[in-house]
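The values are calculated or read from the model by the stated rules, or taken from the named source; none is laboratory data. Quantities reported herein were computed from a predicted structural model and do not represent experimental measurements. Please note: Cβ atoms are built from the backbone with ideal geometry, for glycine as well, and neighbour counts cover all protein chains shown.
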Amino acid sequence: DEALEWGANASALEKEIGPEQFPVNEHYFGLVNFGNTCYCNSVLQALYFCRPFREKVLAYKSQPRKKENLLTCLADLFHSIATQKKKVGVIPPKKFITRLRKENELFDNYMQQDAHEFLNYLLNTIADILQEERKQEKQNGRLPNGSIDNENNNSTPDPTWVHEIFQGTLTNETRCLTCETISSKDEDFLDLSVDVEQNTSITHCLRGFSNTETLCSEYKYYCEECRSKQEAHKRMKVKKLPMILALHLKRFKYMDQLHRYTKLSYRVVFPLELRLFNTSGDATNPDRMYDLVAVVVHCGSGPNRGHYIAIVKSHDFWLLFDDDIVEVSVATANSQR
């Protein structure tokens, strides 16, 4: 029955898009849910339709066979979708889920997990795998230019393609209110987590993220110039804009009086195009315009229940991926996440 149902969904999707409009070499495949894996399925769909990421994962698949890890399982899954004979259908990401549960006990249960935690874990794990492989290659021989690698083991690893795609840099500026000296400290990010308020917008959330905060009373700042604790102004700005900007809306908030996390189901309006305005004076590419390509939506009332879906843009279509169901979606500028 299930197979028939999926077949019906698939053919309906193909009819809805139409053979003339269907993008060449594109495949729209739902992913089977293994009990609680909608958080994983929705993030995987968003990443599959993130073109630079997909291309790097598929290129990794074409490299000589490596021992199984989370990245080889992801590459197998992406390759399986990309090489299907049919344009639409359903795939069980069983090998990937099995590997994920084996590697991280956080995901090895049947409870609802957090999509943002999974995205973070996946990107960091892939970066670690790539850096480890590069280190092994260097230890096994020579660097590509033929020189022996005498690099200090404590040095920072080279950035990987995960960093090239998602990494940006924040600068934390602190200005002493006594001597006016500004000190800044940079930190890298793979996604930006922003607070949400009622009836707000992404732009407003980003403005809040970069609001000036006053450090006073017991939170005074130690100024190197004054050699003492002083009142200061502190703010975060974006110094290096990433190629792909991943934004996380902090909808799960800990309520002290309830002793638990609750969900903030506020309406957050987001544009289909976004330019970051909270950039530092020395930002490298401050005018970069971002186009919305994917949204992972949490439906439900709390962090431990509910359901995740993904809405993604592919070519000129907006598609809704709800585990094994794929539908053409109405492009909306508002969503729950």
For Glu68: the one exception among (1) without any contact (Cβ under 8 Å) to a residue 24 or more places away in the chain; (2) of a type outside the set (Gly, Ala, Ser); (3) not in a helix (DSSP H, G or I) = (1)
Pair list, Cβ < 8 Å and 6+ apart or interchain, from segment 38-51 residues that are outside any helix (DSSP H, G or I) to residues that are surrounded by 23 or more Cβ atoms within 10 Å (Cβ to Cβ) = Phe49/Val312
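Yes/no matrix, rows are residues, columns are (1) surrounded by fewer than 22 Cβ atoms within 10 Å (Cβ to Cβ); (2) under 19 Å from the mean Cα position of the chain (by Cα); (3) of a type outside the set (S, T, N, Q); (4) farther than 15 Å from Ala310 by Cβ:
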{"residue": "His27", "(1), (2), (3), (4)": "yes, no, yes, yes"}
{"residue": "Gly35", "(1), (2), (3), (4)": "yes, no, yes, yes"}
{"residue": "Leu44", "(1), (2), (3), (4)": "no, yes, yes, no"}
{"residue": "Arg54", "(1), (2), (3), (4)": "yes, yes, yes, no"}
{"residue": "Ala82", "(1), (2), (3), (4)": "yes, no, yes, yes"}
{"residue": "Asp108", "(1), (2), (3), (4)": "yes, no, yes, yes"}
{"residue": "Glu132", "(1), (2), (3), (4)": "yes, no, yes, yes"}
{"residue": "Gln136", "(1), (2), (3), (4)": "yes, no, no, yes"}
{"residue": "Asn140", "(1), (2), (3), (4)": "yes, no, no, yes"}
State whether the residues of segment 125-137 include one that is of a type in the set (S, T, N, Q), modelled with pLDDT under 90 and part of a helix (DSSP H, G or I).
-> yes
Tally, over segment 191-213, of residues that are in contact (Cβ under 8 Å) with a residue 24 or more places away in the chain, of a type outside the set (D, E, K, R) and surrounded by 13 or more Cβ atoms within 10 Å (Cβ to Cβ) | 12
Looking only at segment 307-337, and only at residues there that are in a loop (DSSP other than H, G, I, E, B) and at pLDDT 90 or above, the one that is nearest to Phe270 (Cα to Cα) = Asp323
Candidate set: segment 272-310, residues that are closer than 20 Å to Phe34 by Cα and of a type in the set (Val, Ile, Thr); chosen: the one surrounded by the fewest Cβ atoms within 10 Å (Cβ to Cβ) = Val297
Look at segment 83-97 and say how many of its residues are over 23 Å from Lys15 (Cβ atoms) and either touching a Lys or Arg at 6+ places or on another chain (Cβ under 6 Å) or free of Cβ contacts under 8 Å to residues at least 24 places away in the same chain (or both).
-> 2
How many residues does segment 153-190 hold that are within 24 Å of the chain's Cα centre (by Cα) and either in a strand (DSSP E or B) or buried (at least 18 other Cβ atoms within 10 Å of the Cβ) (or both)?
-> 17
